[in-house]
Structures are given as C-alpha cells and as structure tokens.
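Participant: Before we start, here is the structure in question, set down as structure tokens.
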Amino acid sequence: MISKHVVFLPTVLLVVLLDQLGKQHVVETLGLGERVALLPGVIAWTHVPSVGGAFGVFRDWLPAAQLAGLAVLSLATAAIALGFYVQLARGEQACAAALGAMLGGVASNGLDRLRFGMGVDFLHPGPVGSDVLPDFNFADIAIVLGLVTLIAELLATELATRAAERPRP
C-alpha cells in the first residue's frame, strides 16, 4: 500500500512549481492586461493582477488590510489542510493528493502576494476578446479540484459505509 506521504508533499510542490512557472512566463512575456491565444477559442494566456481573494473577497479593502486578511485566511486554510492530512489513514492517497493540491494552491497564491504585492492570474477561458468568465491561475484550479476531490471521496466513503450497514435480505 502506498503511503499518503508519497503523494502529499510532491503534489504541494508540483502545484507551486507549475503555478509559479505560469505566472513567471506571463510576467516576462506579456504586458499587463495582454492576452494571447493558447488554444484559440478555448483558453488564452493573460497577464492580469488579481486584486482581493477568490470571488472578490477583500477586494474593497486597503492594500495592507487586504494582505493581512489574505494572510490570515491562507494560514487558517493551511492549518486546516494540515490538520486533516495528519488524520488521514496511511493509504488515503486521493485525500492526501487533494489536500496537497489545496495547500499548494494556497501557498502559491500567498507567494504571489510576497513577490508581486498582489495575485497574478494567467489563464483566460474562452476567446481572447471575451470577458464572460473570470481569469484565473493554476493555483485556483488546484484549490477547486482539491476541494471537489475531497467532497467526492467523503461522499463515496459515506455511501459505502451506509451500504455496508444496510441489513441484507
């Protein structure tokens, strides 16, 4: 049985690495607000500052208060993810990877605040000229996929437990 440790830390590091490489690429190659098609009509590179947190939380706060609020939120999220991680059984690789993805995403977005003073979004869904969907980065994807994976794992475990508890005819 593969240990949870084998997937957790590598997932954290992979998410941070891929996200930071994407951000570095657009910072070095694109002007602020510029977009270049990656897969035409599907997704584009973009260089957009991310003010505030996910879904605009802290958006209207002063920069110093924003940084403090996001730091507290990031540290709390990291503590919760690590708390859940240490409680996982040895073979729970999917949950360990999900928590690693979430922690990597939070860490990478936090690193942006230290490096650039703000977040950096570098992926734009849809055609280059559209503004229907919000821009995002790889860390955002990792956080959402980690959360979805955790929910799916918890539901699957709960359903399996309930099925095992049902009386058999």
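Where a number appears in this text, it was derived from the coordinates with a stated rule and is not lab data. Since this is a predicted model, take the numbers as computed values, not measurements. Methodologically, a virtual Cβ is constructed for each residue, glycine included, from the backbone with ideal geometry; neighbour enumeration extends over all protein chains shown.
Participant: Place the peptides 66-78, 130-142 in order of packing, highest mean first, counting for every residue the other Cβ atoms within 10 Å and averaging per peptide.
Facilitator: Details: 66-78: 15.4, 130-142: 18.0.
Averaged packing, sorted descending, gives the order 130-142, 66-78.
Participant: Among Ile151, Val120, Val51, whose Cα lies farthest out toward the positive end of the dipole of the chain, if unit charges sit on the beta carbon of Lys, Arg (+1) and Asp, Glu (-1)?
Facilitator: Result: Ile151.
Participant: Hey, could you get me the Stokes-Einstein D for the chain, Kirkwood radius over alpha-carbon pairs, 4 °C and 1.567 mPa s, rounded to whole µm² s⁻¹? Walk me through the numbers before you get to the answer.
Facilitator: On the way: Rh = 17.4 Å.
It diffuses with D of about 74 µm²/s by this estimate.
Participant: Could you tally the net charge around Phe122, taking each other residue with its Cβ under 15 Å from the Cβ of Phe122, Lys/Arg +1 and Asp/Glu -1?
Facilitator: Neighbourhood net charge equals -4.
Participant: Work out how much length Ala78 to Val27 would gain on full extension: take 0.36 nm times their residue separation and subtract the Cα-Cα distance, in nm to one decimal.
Facilitator: Taking 0.36 nm per residue and subtracting the Cα distance, the gain is 15.7 nm.
Participant: On average, how much area does the Cα convex hull of the stretch 69-156 cover when viewed from any direction, in nm²? Each step should come with its number before you reach the end.
Facilitator: Values: hull surface 28.8 nm².
That works out to 7.2 nm².
Participant: Most fluctuating residue of Leu150, Leu114, Leu159 in a GNM of the chain with Cα springs under 10 Å: which is it?
Facilitator: Leu159
Participant: Net charge near Pro10: determine it from the other residues with C-beta under 15 Å of the C-beta of Pro10, scoring Lys and Arg +1 and Asp and Glu -1. Kindly include the intermediate steps, with their values, before the conclusion.
Facilitator: On the way: positive: Lys4; negative: Asp19.
Result for the local shell: 0.
Participant: Turning to a different aspect of this structure: About its Cα centre, how strong a charge dipole does the stretch 21-169 have in debye, to the nearest 20, once Lys and Arg get +1 and Asp and Glu get -1 at the Cβ?
Facilitator: For the stretch 21-169, the charge dipole is close to 380 debye.
Participant: Expected output is a single nm value to one decimal: the length gained when fully extending between Ile151 and Arg59, i.e. 0.36 nm times separation in residues minus the C-alpha distance. What is it? Before the final figure, lay out the partial values.
Facilitator: Working: separation 92, 0.36 × 92 = 33.12 nm, distance 2.78 nm.
My answer for the length gained is 30.3 nm.
Participant: Determine the calculated [θ] at 222 nm for the chain from helices alone, applying -39500 (n - 2.57) to every DSSP H run no shorter than 4 residues and normalising by the residue count; nearest 500 deg cm²/dmol.
Facilitator: On the way: 4 runs with 102 residues, N = 169.
After summing the helix terms and dividing by the residues of the chain, the value is -21500 deg cm²/dmol.
Participant: Please quote Rg/Rh for the stretch 111-169 to two decimal places, taking the Kirkwood radius as Rh and restricting both calculations to Cα atoms. Please list the in-between numbers first.
Facilitator: Details: Rg = 19.7 Å, Rh = 15.0 Å.
Radius of gyration over Kirkwood radius for the stretch 111-169 works out to 1.31.
Participant: How much net charge surrounds Asn109 when only the other residues with a Cβ under 13 Å from the Cβ of Asn109 are counted, with Lys and Arg +1 and Asp and Glu -1? Provide the component values of the computation, followed by the final result.
Facilitator: On the way: positive: Lys23, Arg113, Arg115; negative: Asp19, Asp112, Asp121, Asp140.
That sum, taken over residues with Cβ under 13 Å, equals -1.
Participant: Let me ask you something else. Students often check this: by mean Cβ neighbours within 10 Å, which of 21-31, 102-112 ranks highest, and how do the rest follow?
Facilitator: Numbers: 21-31: 14.5, 102-112: 24.1.
Descending mean neighbour count gives 102-112, 21-31.
Participant: Continuing with this model, one more query. May I ask you to derive the relative contact order of the chain, considering only C-alpha pairs under 8 Å and at least 6 residues apart, and to give it as an integer percent? Present the calculation step by step, with values, prior to reporting the outcome.
Facilitator: Details: 247 pairs, mean separation 54.9, N = 169.
Rounded, it is 32 percent for the chain.
Participant: Pick out which of Leu14, Leu147, Leu155 has the largest mean-square fluctuation in a Gaussian network model of the chain, springs linking Cα atoms closer than 10 Å.
Facilitator: Of the options given, Leu155 has the highest mean-square fluctuation.
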